[in-house]
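The values are calculated or read from the model by the stated rules, or taken from the named source; none is laboratory data. Being a predicted model, the structure only gives us computed values, none of them experimental. Glycine also receives a Cβ, built like all others from the backbone with ideal geometry; neighbour counts cover every protein chain displayed.
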Amino acid sequence: MTLLDAVHSLRRAAPQRIDPAVWPVTTQVDVDGRLCVGGVPLTEVADQFGAPALVLDEAEFRYRARRYRVQLPERRTVYAGHALLSREVARWVAEEGLGLAVRNPAELAVGVAGGVDPARIVARGCARTTADLRATAGVGRMVIGCGTEIALLASQLSRPQQVLVDSADLAARVLHQPMLR
């Protein structure tokens, strides 16, 4: 029990401090003093699912996606699927016009199943197998991080693939692979 619980009149006198840089925009304290996200008291989430529990607010996701797109109009905004990816989250990504970064064929499959256009998908990862490269080839862009991926990727392609080289020393080698641009 807190002092605010014991002396109810203090509840109105003590302003609630919810930092918008930390909490979703839909965060508020209800009339019973419970912290709520998206109108749902977090105590109810904990009662139903246990604690800790991961809570993702769709309104917050969409709000931040729109802010990024407005503040960076000349840039492609890409959601990192490894943060949390489900078909529903992929649907939000697609509906908000974001790109999707995936690290493996499973994330790619979830993104496509959620409605993300493969042309808006960026595939990256480390220690990818030939099968991984083959499965993710054809997306909007592939990120190449090591020299062995250049040869492996080029061997799996049947049509040109856009690539992003994340180290300068690899860039010269990519230029000599006709299927990678």
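Structural remarks
- Only one of the listed residues (Arg159, Arg128, Arg134) is part of a loop (DSSP other than H, G, I, E, B) and surrounded by 16 or more Cβ atoms within 10 Å (Cβ to Cβ). That residue is Arg128.
- Residue in the stretch 96-104 that is surrounded by 15 or more Cβ atoms within 10 Å (Cβ to Cβ), at pLDDT 90 or above and of a type in the set (Lys, Arg) present: yes
- In the stretch 137-156, of all residues being surrounded by 13 or more Cβ atoms within 10 Å (Cβ to Cβ) and either touching a Phe, Trp or Tyr at 6+ places or on another chain (Cβ under 7 Å) or part of a helix (DSSP H, G or I) (or both), the one that is modelled with the lowest pLDDT corresponds to Gly147.
- Residues in the stretch 44-88 that are in contact with a Gly (Cβ under 8 Å, 6 or more places away or on another chain) and polar (S, T, N, Q) were compared, and the one that is modelled with the highest pLDDT is Ser86.
- Positions within the stretch 78-88 being out of contact with any helix residue (DSSP H, G or I) (no Cβ under 7 Å at 6 or more places or on another chain) and under 11 Å from Ala65 (Cβ atoms), in sequence order: Val78
- Tally, over the stretch 59-76, of residues that are loosely packed, with under 14 Cβ neighbours inside 10 Å, assigned to a helix (DSSP H, G or I) and among the acidic types (Asp, Glu): 0
- Considering (1) assigned to a strand (DSSP E or B); (2) at pLDDT 95 or above; (3) of a type in the set (Val, Ile, Thr), the lone condition that Val110 does not fulfil carries the number (1).
- Residues of the stretch 38-58 that turn out to be assigned to a helix (DSSP H, G or I), charged (D, E, K, R) and within 29 Å of Ala94 (Cα to Cα), as a count: 1
- Val89 meets all of the listed conditions (1) more than 20 Å from Asp57 (Cα to Cα); (2) within 15 Å of the chain's Cα centre (by Cα); (3) not small (Gly, Ala, Ser) but one, namely (1).
- The set of residues from the stretch 162-181 being modelled with pLDDT under 60 and part of a strand (DSSP E or B) comprises just one member, Leu180.
- Note on the stretch 40-71: residues that are more than 21 Å from the chain's Cα centre (by Cα) and polar (S, T, N, Q) total 2.
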